[in-house]
Amino acid sequence: MQIHVVRRGETLWRIAQQYRVDPERIAALNALPDPNVLLVGQALLIPVPEGVYVVQPGDTAFAIANRYGTTVAQLQQWNPQVDLSRLTAGQVLRVPPLPRRTVETNAYLTDFGAPGQRTVQEAGAYFTYLSPFSHHVRPDGSLEPPGDDPVLPLARQARIAPWCVVTNWAGDMFNSDVAHAFLRNPAAQDAFLRNVLALMRAKGYTGLNVDFEYLYPRDREAYNRFLARIRDPLRQAGYLLSSALAPKFSGTQVGLLYEAHDYEVHGRLCDLVILMTYEWGWAGGPPWAVAPVSEVRRVLDYAVTVIPRDKILMGFPVYARDWTLPFQPGTVAETISPQEALARAIAHQAAIHYHPSYQAPYFRYTDPQGRRHEVWFEDARSIEAKLSLVRAYRLRGMSFWEFPSEIPQLWPLLAAHFQVRKVL
């Protein structure tokens, strides 16, 4: 699998000729909305044979060697007749096979109707765990169910281990007061444990994912005690315990989202930890990449110092955002799928740009009302950059937020990099 960035004047036929690939294969692999319309800056996956790399403009021997987990010296041994200091676009190199590690993946699912069911059926081969979002914890320890019954049999058919996700959600957002009342009430926690164990037995969940967000800083130790309280009963019953953590750069980071999330304690008590490495470009803020690789690296640099690497699932966004410009505080960006983002770029013939530090694509367009827009999304380049982080930091795997979503380039790239472990 190779990534080609479309240049001005290129057509699908011309690109296919360059790589000696059937253009219909490229169109299908990338789910192109219109094979006759390509955008400058658009990233295409090319199904080249394993062991072959076609040099792109700007490529260096070091970058190519790094991509394949080798050195320039070893790359030279594979290509003894090539002057690696004078590479030219279109040149064909022999490269070693990309090493494929085994990882685990989790997918948060927020729709249990037909779209969510299709996600489980069509992408199930790439999921280790499925996390229907979510059971809402009430202050007395009772649980409000999400209505996920339609997807659970489909998950088991696909050998996906379902998790019971519990949150401090109330109304239309996470609620600090609900969490505070629950975490300060031992009787409510005892009731919760009885309720959740009975629920997990009845519905066939294999693990519990605790996603308490926007906790008051003063509830940090109460949250830690709660996890310690439920850990052993869950393990004795044969269930995994995981938690979802805000993206922190240090143990002293301040803010309602961060302070009550104790990386070190969660890493010690939980079997897996999900780092929510997304939402820098949040819907209520100014335009920005949803998960800038430069920021994700900062989180991982801290996380691996206090959490075992083999417990970490790195958060991986599978959505895009469309902001109306100029950004005004109080406005909300539209959340769409990466495939919808590409469709909008095509509809407006917008050139796609790629930020070198954030390693994320974006474009701007003007709508029929004359309003300017800026869209940040995920493409083959940004997907590969994130997959490379999982490999470089030797993590357990990744956790996708949120499905259903259309992101067709993810699956062939994931399969090229990793083997997904099944635990059922």
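General observations
- Residue match in the range 153-163 (condition: at pLDDT 95 or above and at positive phi): yes
- Selection status of ASN66, among the polar types (S, T, N, Q) and at pLDDT 95 or above: no
Condition check ((1) in contact (Cβ under 8 Å) with a residue 24 or more places away in the chain; (2) crowded, with 20+ Cβ neighbours inside 10 Å; (3) over 30 Å from ALA198 (Cβ atoms)) across all residues:
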site	(1), (2), (3)
ASN66	no, no, yes
LEU75	no, yes, yes
ASN79	no, no, yes
GLU122	no, no, yes
PRO139	yes, no, no
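- Filter result for PRO139 (over 22 Å from the mean Cα position of the chain (by Cα) and not assigned by TED's automatic domain parsing to the domain that holds TYR239): no
- Taking the conditions (1) surrounded by fewer than 18 Cβ atoms within 10 Å (Cβ to Cβ); (2) within 20 Å of TYR214 (Cβ to Cβ) in turn, VAL290 satisfies each one other than (1).
- Applying the condition of being surrounded by fewer than 19 Cβ atoms within 10 Å (Cβ to Cβ) and of a type in the set (Val, Ile, Thr) to the range 26-60 and asking which residue is nearest to THR11 (Cα to Cα) yields VAL37.
- GLY207 meets each of the listed conditions (1) surrounded by 22 or more Cβ atoms within 10 Å (Cβ to Cβ); (2) free of Cβ contacts under 8 Å to residues at least 60 places away in the same chain apart from (2).
- Of the listed requirements (1) in contact (Cβ under 8 Å) with a residue 40 or more places away in the chain; (2) surrounded by fewer than 17 Cβ atoms within 10 Å (Cβ to Cβ), ARG8 misses just one: (1).
- Exactly one residue out of PRO233, PRO162, PRO186 is surrounded by 14 or more Cβ atoms within 10 Å (Cβ to Cβ) and over 20 Å from TYR108 (Cβ atoms), and it is PRO233.
- Residue ID - nearest to the chain's Cα centre (by Cα), chosen from residues in the range 191-218 that are more than 21 Å from GLY238 (Cβ to Cβ) and aliphatic (A, V, I, L, M): LEU215
- Taken over the range 11-60, the criterion of being touching a residue at least 60 places away in the same chain (Cβ under 8 Å) and among the hydrophobic types (A, V, I, L, M, F, W, C) is satisfied by LEU29, ALA31, VAL37, LEU39, VAL40, ALA43, LEU44, LEU45.
The values are calculated or read from the model by the stated rules, or taken from the named source; none is laboratory data. Remember, it's a predicted structure, so these values are computed and weren't measured experimentally. Cβ coordinates were reconstructed from backbone atoms using ideal geometry, including for glycine residues, and neighbour counts include every protein chain displayed.
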